[in-house]
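Colleague: Pasting a structure below so you can have a look.
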Amino acid sequence: MTILARTIEASRRYGDVLALDRVSLDIRAGELVGLLGPNGAGKSTLINLFVGLRRPTSGTVELLGGSPLDAAVRRGIGVTPQETGLPETLRVGEIVDFVSAHFPDREPKGELLARFGLDDLVKRQIGGLSGGQRRRLAVALAFAGKPRLVFLDEPTTGLDVEARRSLWEGIRSFHQDGGTVLLTSHYLEEIEALAERVVVVGSGRVLADDTVRAVRGIVGVRHVSLVADDLPELPGVLGTERAEGRISLMTTDPDQLVVELVRSGVPFSGLEIRPTTLEEAFLALTSKESAHV
Amino acid sequence: MSELIVAHTRYLLLEQLRVPIGLLAGALFPAISMVAFVVPLAGDDPQAATMATGSLMFFGAMSGALIGLSITVAQDREQPWNPYLRTLPAGPFPRFAGRILATLAVMLISVVPVLLVAVFFTEATTTPLRLLLGIVALMVGVVPFMLMGLFIGFLLTAKAAIAVSQVVFFPMAIVGGLLMPPAILPDFVEAISPFVPTRGVAEVLWAITAGTTPNVVALVSLAVWTVASAAGAVWAYRRDEGRRFS
């Protein structure tokens with residue numbers, strides 16, 4: 001498959017801070033890649049390298065076979081940064097026209113706005129839009145120039161559930177028509193809903209790069225908690241915590257654990273199974289990483 | 001490329017015209033000065049009135065160039081919209097050209113009230129050719145002040161730019177003889193007046209519209225200021241690029 005964008009051993013330093021540490025990543029045509037990681041992991045820095053806002057301190061960044069610093073190369077991409085600060089006094093239609101003017105091949109304004117549920121707001125000034133409408137407009141602008149590859153940095157932050165789903169629809173339809181997407185998110189749910197491939201970054205490095213299911217497996221530790229006096233040895237328990245009369249067991253296979261628990265015949269009550277949060281998953285991955293070093 | 005410059009200019013102009021208070025601020029002060037001082041004190045003297053009109057038109061234009069440009073450039077740098085624009089397939093040039101053209105356009109609008117007061121309420125007089133030449137001189141004359149505006153705008157935060165540009169602007173306007181003609185400036189002010197860049201531009205404007213002979217020292221110092229401002233603007237631009245986009 002064609003590689004649309006790649007970094008080779010790319011590092012980026014801001015003063016004393018190493019934001020990206022020898023990252024090598026390929027984005028292939030037709031992929032929908034989710035970039036997952038806690039704040040400060042290097043997600044935005046990676047995107048800034050891909051879209052030409054920053055240069056790598058060392059290593060290479062390639063975009064559509066050229067350099068992201070070349071304006072002509074950027075005709076093939078669309079970008080939604082984390083913050084856009086759309087100019088308040090302009091109207092929705094004007095801003096779309098303005099952004100479209102940069103591209104040789106343009107999405108018709110009406111269709112673009114309709115795809116993101118903004119078609120009745122063409123004449124509205126940006127200053128009069130709600131936060132969710134602004135965010136959807138910012139995402140819509142990434143698609144104005146019929147890009148082959150879009151970079152969406154936390155596209156749905158601050159949106160309610162309904163707006164988030166309609167935005168997901170817009171992104172999916174672009175992908176179904178052959179478009180390639182790199183998106184970052186805090187939400188595992190969002191990555192699961194959209195992406196096929198997940199790249200987990202932490203402390204400027206790629207910690208995992210795999211299918212959604214596989215990463216889910218790596219980070220998919222569950223908490224099984226219950227009230228019981230004493231427990232026998234159970235298989236697959238990664239860790240045990242006791243707090244306020246409850247016992248909390250961590251496992252990658254909660255089903256098997258519960259089966260074994262019932263078989264053991266030990267009396268228990270108040271069984272709860274809860275997925276680990278993304279934060280816990282990140283911590284697990286990051287600590288594994290540092291354990292290797 | 002030219003299509004992009006048009007697109008950027010159009011949007012920057014829309015932005016400025018929809019907040020007309022900025023436009024008014026540049027036009028109002030010189031127009032009020034015309035009505036309050038020039039009309040009663042020099043309105044009957046064709047040459048004095050013509051010179052004062054030129055001075056105050058330049059005063060308004062210069063405020064757009066120096067104060068207006070420095071603030072908008074500094075504000076641009078603080079908005080996340082600015083790095084977003086850099087991801088679009090265009091270098092920084094169309095944006096920059098658009099900013100300069102929009103500033104020139106706003107500047108031309110802001111000198112109109114002074115011109116109207118001069119035409120209707122004073123004996124100021126000139127020929128159409130001289131007026132046209134005067135306006136051309138005005139547009140060329142603001143170049144060093146635009147460069148100063150860029151220097152301040154690329155160097156400072158928006159809040160600091162507001163203060164610093166005014167602190168630079170008013171002394172230069174007064175010492176350069178834009179508010180009071182050189183004839184009535186105190187001696188020590190008149191002694192340093194040729195060394196501020198405003199005086200050089202004023203000398204050219206007076207020569208064109210009212211037929212006076214320009215002061216050579218003022219013209220030379222204007223050239224020196226222009227070169228120095230250009231160097232400062234380039235330096236500040238590169239410094240900003242290096243900080244935000246390298």
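Colleague: Give me the strands (runs of 3 or more DSSP E) completely within segment A:30-116, filtered to those with at least 3 residues that are aromatic (Phe, Trp, Tyr) and free of Cβ contacts under 8 Å to residues at least 12 places away in the same chain, ordered by residue number. Let's see the steps before the verdict.
Modeller: Numbers: elements: A:32-36, A:58-63, A:77-80.
So the answer is none; nothing clears 3.
Colleague: Here is a further query. On the given criteria, is A:ARG75 of a type in the set (Lys, Arg) and facing chain B (nearest Cβ under 10 Å)? Lay out the reasoning, then the answer.
Modeller: Working: of a type in the set (Lys, Arg): yes; facing chain B (nearest Cβ under 10 Å): yes.
Yes; evaluated as a whole, the condition is true for this residue.
Colleague: A follow-up question, please. Name the single residue that is nearest to the other protein chains (Cβ to nearest Cβ) among those in segment B:1-17 being over 14 Å from B:ALA105 (Cα atoms) and not hydrophobic (A, V, I, L, M, F, W, C).
Modeller: B:GLU3
Colleague: Sticking with this one: Has segment B:188-197 got at least one residue that is of a type in the set (Gly, Ala, Ser) and within 28 Å of B:ILE109 (Cβ to Cβ)? It would help to see each step written out before you state the result.
Modeller: First pass over segment B:188-197, keeping only residues of a type in the set (Gly, Ala, Ser): B:191, B:193.
Now narrow it down to the ones that are within 28 Å of B:ILE109 (Cβ to Cβ): none.
No: segment B:188-197 contains no residue that is of a type in the set (Gly, Ala, Ser) and within 28 Å of B:ILE109 (Cβ to Cβ).
Colleague: With respect to the numbered conditions (1) in a helix (DSSP H, G or I); (2) touching a residue at least 40 places away in the same chain (Cβ under 8 Å), which one is the sole condition not fulfilled by B:ALA191?
Modeller: The number of the failed condition is (2).
Colleague: Given the criterion within 30 Å of B:GLU15 (Cα to Cα), among the polar types (S, T, N, Q) and touching a residue at least 12 places away in the same chain (Cβ under 8 Å), identify the matching residue among A:THR156, A:THR180, A:THR184.
Modeller: The conditions single out A:THR156.
Colleague: Of the residues that sit in segment A:59-72 and are surrounded by fewer than 22 Cβ atoms within 10 Å (Cβ to Cβ) and of a type in the set (A, V, I, L, M, F, W, C), which one is nearest to the other protein chains (Cβ to nearest Cβ)?
Modeller: Taking segment A:59-72 as the starting set, the residues that turn out to be surrounded by fewer than 22 Cβ atoms within 10 Å (Cβ to Cβ) are A:59-60, A:62, A:64-67, A:69-72.
Those left that are additionally of a type in the set (A, V, I, L, M, F, W, C): A:64, A:69, A:71-72.
Details: A:LEU64: 11, A:LEU69: 9, A:ALA71: 5, A:ALA72: 7 Å.
Selected residue: A:ALA71.
Colleague: Could you list, in sequence order, the residues of segment A:49-58 that are surrounded by fewer than 20 Cβ atoms within 10 Å (Cβ to Cβ) and within 8 Å of chain B (Cβ to nearest Cβ)?
Modeller: Correct list: A:ARG55 only.
Colleague: Let me ask something else. Select, from B:ILE32, B:ILE5, B:ILE21, the only residue that is over 20 Å from the mean Cα position of the chain (by Cα) and in a helix (DSSP H, G or I). Before you say what the answer is, go through the steps one by one.
Modeller: Working: B:ILE32 fails: over 20 Å from the mean Cα position of the chain (by Cα); B:ILE21 fails: over 20 Å from the mean Cα position of the chain (by Cα).
Unique residue meeting the criteria: B:ILE5.
Colleague: Among the residues of segment A:1-29, count how many are assigned to a strand (DSSP E or B), farther than 21 Å from A:ILE191 by Cβ and not basic (Lys, Arg).
Modeller: Within segment A:1-29, the first condition is being assigned to a strand (DSSP E or B), and the residues that meet it are A:3-14, A:17-28.
Next, only the ones that are farther than 21 Å from A:ILE191 by Cβ stay: A:3, A:8-14, A:17-19, A:21-22.
Narrowing the set further to residues that are not basic (Lys, Arg) leaves A:3, A:8-11, A:14, A:17-19, A:21.
Of the residues in segment A:1-29, 10 are assigned to a strand (DSSP E or B), farther than 21 Å from A:ILE191 by Cβ and not basic (Lys, Arg).
Colleague: OK, next. If you take just the helices (runs of 4 or more DSSP H) that sit entirely in segment B:46-161, which of them hold at least 2 residues that are within 14 Å of another protein chain (Cβ to nearest Cβ)? Walk me through how you get there before you give the answer.
Modeller: Details: elements: B:46-62, B:69-78, B:81-87, B:93-121, B:128-141, B:143-155.
Fully inside segment B:46-161 and qualifying: B:69-78, B:81-87, B:93-121.
Colleague: Still on this structure, I have one more. So how many residues does segment B:217-240 have that are surrounded by 15 or more Cβ atoms within 10 Å (Cβ to Cβ) and within 16 Å of B:PHE96 (Cα to Cα)? Break it down into steps so the answer makes sense when it comes.
Modeller: Going residue by residue through segment B:217-240, those that are surrounded by 15 or more Cβ atoms within 10 Å (Cβ to Cβ) are B:218-219, B:221-222, B:225-226, B:228-230, B:232-233, B:236-237, B:240.
Now drop any that are not within 16 Å of B:PHE96 (Cα to Cα), which leaves B:230, B:233, B:236-237, B:240.
Residues flagged as surrounded by 15 or more Cβ atoms within 10 Å (Cβ to Cβ) and within 16 Å of B:PHE96 (Cα to Cα) within segment B:217-240 amount to 5.
The numbers here are math on the coordinates, done by the rules we state, and not lab data. Worth saying up front: this structure is predicted, and the values here are computed from it rather than measured. Note that each Cβ is placed from the backbone with ideal geometry, even for glycine, and that neighbours are counted across all protein chains shown.
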